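Here the structure is laid out as structure tokens; the discussion comes afterwards.
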Amino acid sequence: MDQDFLKNNKKKLTLLIVKGKKITQIQLIKTMKNSHFIFIGLLLITFFTKGQTPIQGGYIELTYDEYTELIEINQENELDGKYYVRQFKDKKVIGIHKIEYRKGRKNGEWLHFSIFRKKGTLDLSTIENYEDDLRNGYYYNSDNGFTFSEEGYYEKGKKEGLWNVTKSGSNEKINYKNGKKHGDYWRQDASGVIVKGAYKKGEKLDNWTIEDLSGNTKNQGENTSISSQPTEASSATSGIQTVQGSVQKPDGTIAPIAVVRLQLTDTSCTYAFTDFDGNFDIEIDYDKITENSYFEIVIEGFPKKIMPFSDFSDQDAITLDNGRKKITYDEYRSYYESMKDCHL
């Protein structure tokens with residue numbers, strides 16, 4: 001803060017306080033929001049009346065409500081310097097934001113600290129770097145390692161290079177170029193299943209692979225052709241054929257890396273698993289299909305789904321059920337291992 005400006009203009013600034021009325025900095029800015037002098041002056045008045053001065057490191061202290069109201073009344077362009085913003089709930093600090101502006105535009109390193117529910121302590125949650133109002137440089141966002149983190153770099157507001165993302169036990173490595181997915185892609189599900197592929201300018205390339213817990217690798221081409229359509233004429237179909245479908249959660253979102261098992265007879269079965277988009281294709285020996293053949297879908301966090309094969313048509317979406325008896329992580333892995341004994 002310019003101490004000479006403060007010294008030379010103390011009397012003038014004091015005159016800005018309305019006699020006999022308490023008027024807040026924000027209220028006066030709303031009235032005279034086009035005046036840069038008024039805004040800077042009222043910040044200084046706040047320091048006078050509350051006995052506040054810029055804290056160590058040259059930061060100006062604001063409450064989160066004061067800061068957000070400045071944004072809401074379109075006065076972000078008046079900010080210039082380093083700010084220490086405290087966020088309160090029930091008179092307790094729940095967040096601290098160390099931010100910087102240069103002539104009304106976001107600049108420099110922004111640090112955000114939050115109270116995380118499981119720890120109850122104030123910890124670093126987000127790191128942002130800005131240049132001329134655009135994210136530029138290192139970025140990190142996390143819930144302190146409990147279920148989510150995202151780390152990478154921005155270049156002039158767009159993601160660039162390798163990004164590492166963890167979410168609910170899964171890990172992703174995604175390459176970006178000019179803000180679009182571009183290059184190698186790798187993902188390991190919470191169960192240990194690995195998905196590999198590549199993007200070009202945001203579009204998926206062919207020849208994606210999925211490696212299951214047994215080390216078996218399966219190609220997941222983007223343009224898989226279906227050789228048969230097992231609908232009403234399926235009774236006339238015989239031999240091993242490939243059909244396609246998908247698995248979705250009760251809310252309609254995709255269910256990636258779910259086990260899809262088709263029990264043909266008491267002694268014969270086949271299986272597949274959904275890819276990252278929730279799709280699967282599965283080989284079926286129609287000579288072994290009976291009225292008792294059924295699908296069994298298993299994924300962590302949902303009840304096991306049983307569906308008669310007779311209810312399935314090619315490219316159907318199988319929807320999981322809600323329920324209390326959910327598959328655990330250990331049950332999920334054990335089920336994967338049991339697939340080794342599944343044969344047509």
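Could you list, in sequence order, all residues of segment 247-271 that are touching a strand residue (DSSP E or B) at 6+ places or on another chain (Cβ under 7 Å) and under 18 Å from Arg187 (Cβ atoms)? Write out each step before concluding.
Kept after step one, since they are touching a strand residue (DSSP E or B) at 6+ places or on another chain (Cβ under 7 Å), are these residues of segment 247-271: 247-248, 250, 254-255, 257-264, 269-271.
Passing the criteria: Val247, Ile254, Ala255, Ile257, Ala258, Val259.
What residue, among those in segment 169-204 that are at positive phi and part of a loop (DSSP other than H, G, I, E, B), is nearest to the chain's Cα centre (by Cα)?
The extreme case among them is Gly169.
What about Thr166, is it surrounded by fewer than 16 Cβ atoms within 10 Å (Cβ to Cβ), of a type outside the set (A, V, I, L, M, F, W, C) and at negative phi? Talk me through it step by step, then tell me what you get.
Numbers: surrounded by fewer than 16 Cβ atoms within 10 Å (Cβ to Cβ): no; of a type outside the set (A, V, I, L, M, F, W, C): yes; at negative phi: yes.
Answer is no for this residue.
So, of the residues in segment 251-298 that are among the charged types (D, E, K, R) and under 24 Å from the mean Cα position of the chain (by Cα), which turns out to be surrounded by the most Cβ atoms within 10 Å (Cβ to Cβ)?
At the first step, the residues of segment 251-298 found to be among the charged types (D, E, K, R) are 251, 261, 266, 275, 277, 281, 283, 285, 287-288, 291, 296.
Still in the list and also under 24 Å from the mean Cα position of the chain (by Cα): 251, 275, 277.
Working: Asp251: 8, Asp275: 23, Asp277: 15.
Within segment 251-298, the match that is surrounded by the most Cβ atoms within 10 Å (Cβ to Cβ) is Asp275.
Test of understanding: among Gly120, Gly145, Gly157, which residue is modelled with pLDDT of 95 or more and at positive phi? Before you say what the answer is, go through the steps one by one.
Values: Gly120 fails: modelled with pLDDT of 95 or more; Gly145 fails: modelled with pLDDT of 95 or more.
Gly157 is the lone residue from the list that is modelled with pLDDT of 95 or more and at positive phi.
Among the residues of segment 74-93, which ones are assigned to a strand (DSSP E or B) and either within 14 Å of Leu62 (Cα to Cα) or in contact with an Asp or Glu (Cβ under 8 Å, 6 or more places away or on another chain) (or both)? Full working, then the answer.
Applying the first criterion (assigned to a strand (DSSP E or B)) to segment 74-93 yields 81-89, 92-93.
Selection gives Gly81, Lys82, Tyr83, Tyr84, Val85, Arg86, Gln87, Phe88, Val93.
All but one of (1) assigned to a strand (DSSP E or B); (2) under 30 Å from Ser191 (Cα atoms) hold for Asn144; which doesn't?
Looking at each condition in turn, Asn144 falls short on (1).
How do the pairs read when you match residues in segment 300-327 that are in the same structural domain as Val247 (by TED's automatic domain parsing) and under 16 Å from Thr290 (Cα atoms) with residues anywhere that are of a type in the set (S, T, N, Q) and in a loop (DSSP other than H, G, I, E, B), using Cβ under 9 Å and keeping only pairs 6 or more apart or on different chains?
Here the result reads Pro308/Asn292; Pro308/Ser293; Phe309/Thr290; Phe309/Asn292; Phe309/Ser293; Ser310/Ser293; Ser313/Gln229; Ser313/Thr231, each pair linking segment 300-327 to a residue that is of a type in the set (S, T, N, Q) and in a loop (DSSP other than H, G, I, E, B).
If I go through segment 147-168 residue by residue, how many of them are closer than 28 Å to Ala272 by Cα and part of a loop (DSSP other than H, G, I, E, B)?
The total comes to 2.
Report yes if Asn178 is modelled with pLDDT of 95 or more and either of a type in the set (Asp, Glu) or out of contact with any Pro (no Cβ under 8 Å at 6 or more places or on another chain) (or both), otherwise no. So that I can check it myself, show each step before the final result.
Details: modelled with pLDDT of 95 or more: yes; either of a type in the set (Asp, Glu) or out of contact with any Pro (no Cβ under 8 Å at 6 or more places or on another chain) (or both): yes.
Criteria met by Asn178.
The values are calculated or read from the model by the stated rules, or taken from the named source; none is laboratory data. Everything numeric in this text was worked out from a predicted model, so none of it was measured. As a convention, Cβ positions derive from the backbone with ideal geometry for all residues, glycine included, and neighbour counts pool all protein chains shown.
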